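K.L.:
Here's a structure for you.
The values are calculated or read from the model by the stated rules, or taken from the named source; none is laboratory data. Since this is a predicted model, take the numbers as computed values, not measurements. Counting neighbours? That spans all protein chains shown, and the Cβs are built from the backbone with ideal geometry, glycine included. Surface accessibility is based on the protein's heavy atoms, side chains included, excluding ligands, DNA and RNA. Shrake-Rupley method; radii C 1.70, N 1.55, O 1.52, S 1.80 Å.
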Amino acid sequence: MRFLKFLAATLIVATPAFAEQGVSDDEVVIGSVNDLSGIFAAFGAPAVTAAQMHFDVVNAAGGIHGRTIRFVVEDSSYQMQKAMQGYNKLVNRDQVFAMLLSLGTPMNLAGYKLTTPKNIPNISPLSAARQLLDEPIRLRFVGSSTYYDQLRLATQYMVEHHDVATVCTMYIPSDFGIEIQEAVSDEAAANGAVSYVTETTHKPDETDFAGSLQKLNAEGCEMVALALGIRQTITVLGTAKKLGFDDIRFVGSSATFHTLLAKVPGGLTEGMYAAAGWADLAARADQPGPAAFIAAYTEAHGEFPGTGALLGYAAATGLTRALEKAGRDLTVDSFLNAMESVDYYDSILDAHVDYSADDHQGSDEVILSVIEGGQWKELARLQ
């Protein structure tokens, strides 16, 4: 009997104190459902690469409080069925502690149904949807300003600075696209200087936009807000130029604010506007923080880090800041408390990032840029 009591006591002492899912004595598991091969892979793939690059450096230095970070990523191809399979695997098989950089508004919203019951935080998703901070927000932290705020403020700017009087939208009718349509139509309803005229909706794999553009032009659209994939956006801009619709001003959200758009050959994307929660990296390549990141990424991967890489690296560094602040006794509660105390200037984003118990949106910046001479040029910081 004494032996059994001794054995039981020994087992209790030997049992790790870390009962949280995804946390062991020497490791913390972070998951992501991302688009590595679909219409937003230009964001997702380099974001994952840059985040892993940061984690590799952290792990090589001994990790955080003695724990290395294991980053497990599932490819959704921007398809809901694949996304949910990925969430299910990460939550139930990989037993992740937190989600990071998961891409897509519909995918994140659906993923909450699996992560919330398991008390799994969702950090810096690659989506700026305002719905991601619907109650309960306890486990939800977004990185930047919302699509809604970006497009409302961008529409105001176009009215005030370019005398735009009629606005329209071209969008994928998902949660992502609907938010952008609502932002533009709501601004028109509240602003007597501009009218919302019409819209066209599109499938994620649609490639022919000539008919839609002819309709929008015929109905007098002076500004068209875009909520499409990266390739689709390029096709729309190229088609508009071929049709001679040079007077239409195309405006996107952070979902179209990508280095690739500025670098399209032939000037097809010249004059495109986008409102986002960060500043373009290439335009700041001579500044110390961006220069160091660009050099490290280019050396490791043989190419310039685009917008996806910028977002991935910024999100990963924000996560490790919180893990460091949470301390050795890592629990969901200690991590959430740490996230709510994060407050710093991020030189990669060129934005101030801070969270609190009542504010789970990291940056409030809305930065409007336009493509000129093959690169994004910052025009204004809107509020």
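K.L.:
Pro136 fails exactly one of the following numbered conditions: (1) in a strand (DSSP E or B); (2) within 20 Å of Tyr355 (Cβ to Cβ). What is the number of that condition?
P.N.:
Every listed condition holds for Pro136 apart from (1).
Quick grid of which residues meet (1) part of a helix (DSSP H, G or I); (2) crowded, with 18+ Cβ neighbours inside 10 Å:
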site	(1), (2)
Asp286	no, no
Leu319	yes, yes
Asp329	no, no
Asp333	yes, no
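K.L.:
Looking at (1) without any contact (Cβ under 8 Å) to a residue 24 or more places away in the chain; (2) open to solvent by less than 60 Å² (accessible area, probe 1.4 Å); (3) in a strand (DSSP E or B), which one does Arg381 not meet, given that it meets all the others?
P.N.:
(2)
K.L.:
Ala274 passes all but one of (1) more than 29 Å from Leu139 (Cβ to Cβ); (2) out of contact with any helix residue (DSSP H, G or I) (no Cβ under 6 Å at 6 or more places or on another chain); which number fails?
P.N.:
Exception for Ala274: condition (2).
K.L.:
For segment 221-245, how many residues meet the condition of being touching a helix residue (DSSP H, G or I) at 6+ places or on another chain (Cβ under 9 Å), in contact (Cβ under 8 Å) with a residue 12 or more places away in the chain and more than 19 Å from Glu182 (Cβ to Cβ)?
P.N.:
The number of residues fulfilling the criteria is 14.
K.L.:
Exactly one of these conditions fails for Gly271: (1) on the phi < 0 side of the Ramachandran plot; (2) in a loop (DSSP other than H, G, I, E, B). Give me its number.
P.N.:
Exception for Gly271: condition (1).
K.L.:
Phe304 fails exactly one of the following numbered conditions: (1) assigned to a loop (DSSP other than H, G, I, E, B); (2) closer than 30 Å to Asp354 by Cβ; (3) free of Cβ contacts under 8 Å to residues at least 24 places away in the same chain. What is the number of that condition?
P.N.:
So the condition that Phe304 fails would be (3).
K.L.:
OK, next. I'd like to verify a number: residues in segment 340-366 that are open to solvent by less than 50 Å² (accessible area, probe 1.4 Å), part of a loop (DSSP other than H, G, I, E, B) and of a type in the set (A, V, I, L, M), how many?
P.N.:
Matching residues across segment 340-366 total 3.
K.L.:
Under 22 Å from the mean Cα position of the chain (by Cα) and farther than 28 Å from Asp26 by Cβ, is that true of Ala282? Steps first, please.
P.N.:
Working: under 22 Å from the mean Cα position of the chain (by Cα): yes; farther than 28 Å from Asp26 by Cβ: yes.
So Ala282 passes the test.
K.L.:
Which of the residues belonging to segment 143-193 are aromatic (Phe, Trp, Tyr) and over 22 Å from Ala380 (Cα atoms)?
P.N.:
As a first pass, look at segment 143-193 and keep what is aromatic (Phe, Trp, Tyr): 147-148, 157, 171, 176.
Across segment 143-193, the qualifying residues are Tyr171, Phe176.
K.L.:
Further question on the same structure: Can you list residue pairs whose Cβ atoms sit under 8 Å apart, with the first residue in segment 32-52 being closer than 16 Å to Asp205 by Cβ and the second being assigned to a helix (DSSP H, G or I) and of a type in the set (Phe, Trp, Tyr)? Count only pairs 6 or more apart in sequence or on different chains.
P.N.:
Here the result reads Asp35/Phe43, each pair linking segment 32-52 to a residue that is assigned to a helix (DSSP H, G or I) and of a type in the set (Phe, Trp, Tyr).
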